[in-house]
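First the structure, in the form of structure tokens, and then the observations on it.
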Amino acid sequence: MNAAQTVTSVGAQPVEDLAAARPVAGQKRPPFWPHGWWKLMEFRIGILPLPVYALLLAVIAWFAVQPGKFPGEICMMMAVLAVGGFTCGELGKRLPVLHHVGAAAIFATFIPSYLAYHDILPARLITAVTEFTKGTNFLYLFIAAVIVGSILGMDRTVLIRGFVKICIPAGIGSVLAALVGVGVGALLGLGAKHTLFYLVVPVMAGGVGEGAIPLATGYADILHLKFDDQIAQVLPPVMFGSLTAILLSGALNFLGRRFPRLTGDGRLQPGGHDDMDPRKEEITGKMDVSHIAAAGSLVISLYIVGMFIAAVFARVNVTVPAALTMLALAVVVKATQAVSPKLQQAAQIVYKFFASAVTYPLLFAIGVAMTPWDKLVAAFAPANLVTIVATVVTMVVTGFFVGRRVKLFPIEAAIVNACRCGQGGTGDVAILTAANRMQLMPFAQIATRIGGLITVTLALFAIARYGA
């Protein structure tokens, strides 16, 4: 029995009974229990049924006002992140006009950042969320599930060609964005060198952990300055560049709906097939729980092997991100057909689960624990803002037109290029969420990780040779 034939049940009674239970003219309205209650249970905030959402909100609020430490166990943290993330996401989805340009992802990230910075959220709650987010590092579990699931769902030939082709718009976009950004900054009186090293390079550095921090460390060592002063300068452009990329990706998603010929709905290039076609409502075919569990173990195993390889390279002072190594391993597994079709299909289910159930809770955690509101606001000096926007827009526009010339879908190529200006892995999640194209995560990681590494390396070499 396939998904289209399966009868979904609520409790012990088929959903068809709900429709049959609706009153018609001349009939008495059925009692609230159970049909009215079932109707409430089908109304959801994100994935949370409305009564469950209300219950969790009340319990979390009670714990938040109690003396002592807020409970940090995983069940409580899952509830907090789900309520916070889906609340902010639903607010963004209901904004007129702005919901077309990624307001849900922006709200889920930046509202909690604002609330945390201004102490509107209870301090004990902020501490618990921050400790859980940084202690578990579950961002990388999400990225692992999305990368492995999306790679195993692609056509092998299309996958390999896509990785080669995406380097062309990303590379050309990086050069043009640097030239335009420096030119705009110089015209606004910021100085060419300052614009390059403290605005343009941070935007394309690959985020905070892999970009801003090594960049600030290198600047401080080379120029004999304080690290604190350097990070205070390079971090705001990272934040605002990522926000700009989120907005542009949301606009690209809207453009794709208006002009379907410009987009592959998550596929990077025409031709081949994609088993994880987003137009399919359900994955067909019988799939037992053991296959899904096995796919989950595959996701974790590939990431752990990536961590091992990264640790080996670290012994010889070579930085290789575990997520990037895991991506390469997943491509090898797909290309060599090392995993059975059933397991590939199960990996797609793991991907779908994380994309639908974990994205907004993760963005909420990122907003509270990893997005300093004051650093974002610091980028709002008019000259800085115009320069950063010009840099990101050039990157995205170049991806659109160059991607089209190398026979990629222009909107998908532009979105991947936007990830070059994101806040690392967290930025990729927010950008692809705003674009509704989480399937592009493998290509986004290539653009972010490798592009950021090259950018930081060249910047440090240039500042050592020519000074700031």
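None of the figures in this text is laboratory data; all of them are computed from the coordinates on show. Keep in mind the model is a prediction, meaning the values are calculated, not measured. All Cβ positions, even for glycine, are placed from backbone atoms using ideal geometry, and neighbour counts span all protein chains on display.
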Kirkwood estimate for the chain, i.e. one over the average of 1/r between Cα atoms, Å: 23.4 Å
Likely footprinting exposure, M370, M204, fewest C-beta neighbours within 10 Å first: M370, M204
Residues R124, R465, R420 arranged by fewest to most Cβ contacts within 10 Å: R465, R124, R420
Phi to ³J(HN,Hα) by Karplus 6.51 cos²θ - 1.76 cosθ + 1.60 over the range 126-132, Hz, x for Gly, Pro: 4, 4, 5, 5, 5, 5, 5
Likely footprinting exposure, L199, L179, fewest C-beta neighbours within 10 Å first: L179, L199
Residue among G296, P96, Y351 farthest towards the positive dipole end of the chain, charges placed on Cβ: P96
Relative contact order (%) - the range 298-388, alpha-carbon pairs under 8 angstrom, separation at least six: 18 percent
Helix 382-405 vs. the chain, principal-axis angle (Cα, 0 to 90°, nearest 10): 70 degrees
5 angstrom amide H check on I45, placed H, neighbours 5+ away: L50
Using alpha-carbon coordinates, inclination of helix 227-258 to the longest axis of the chain, degrees: 50 degrees
Test item: Cα-centred dipole of the range 108-202, Lys/Arg +1 and Asp/Glu -1 on Cβ, debye: 260 debye
Folded to 0 to 90 degrees: helix 451-466 orientation relative to the chain principal axis, Cα: 20 degrees
Whole-number percent relative contact order across the chain, with pairs defined as alpha carbons under 8 Å at least 6 apart: 29 percent
Listed residues Q269, L432, H118: farthest to the positive end of the dipole of the chain (Cβ charges): Q269
Note, ³J(HN,Hα) from phi for the range 169-186, Karplus 6.51, -1.76, 1.60, rounded to Hz, x at Gly and Pro: x, 5, x, 5, x, 5, 5, 5, 5, 5, 5, 5, x, 5, x, 5, x, 5
Net dipole in debye of the range 136-466 [+1 Lys, Arg Cβ; -1 Asp, Glu Cβ; about Cα centre; nearest 20]: 780 debye
HN-Hα J in Hz across the range 103-112 - Karplus 6.51, -1.76, 1.60, θ = phi - 60°, x for Gly and Pro: 4, 4, 5, 5, 4, 5, 9, 8, 5, x
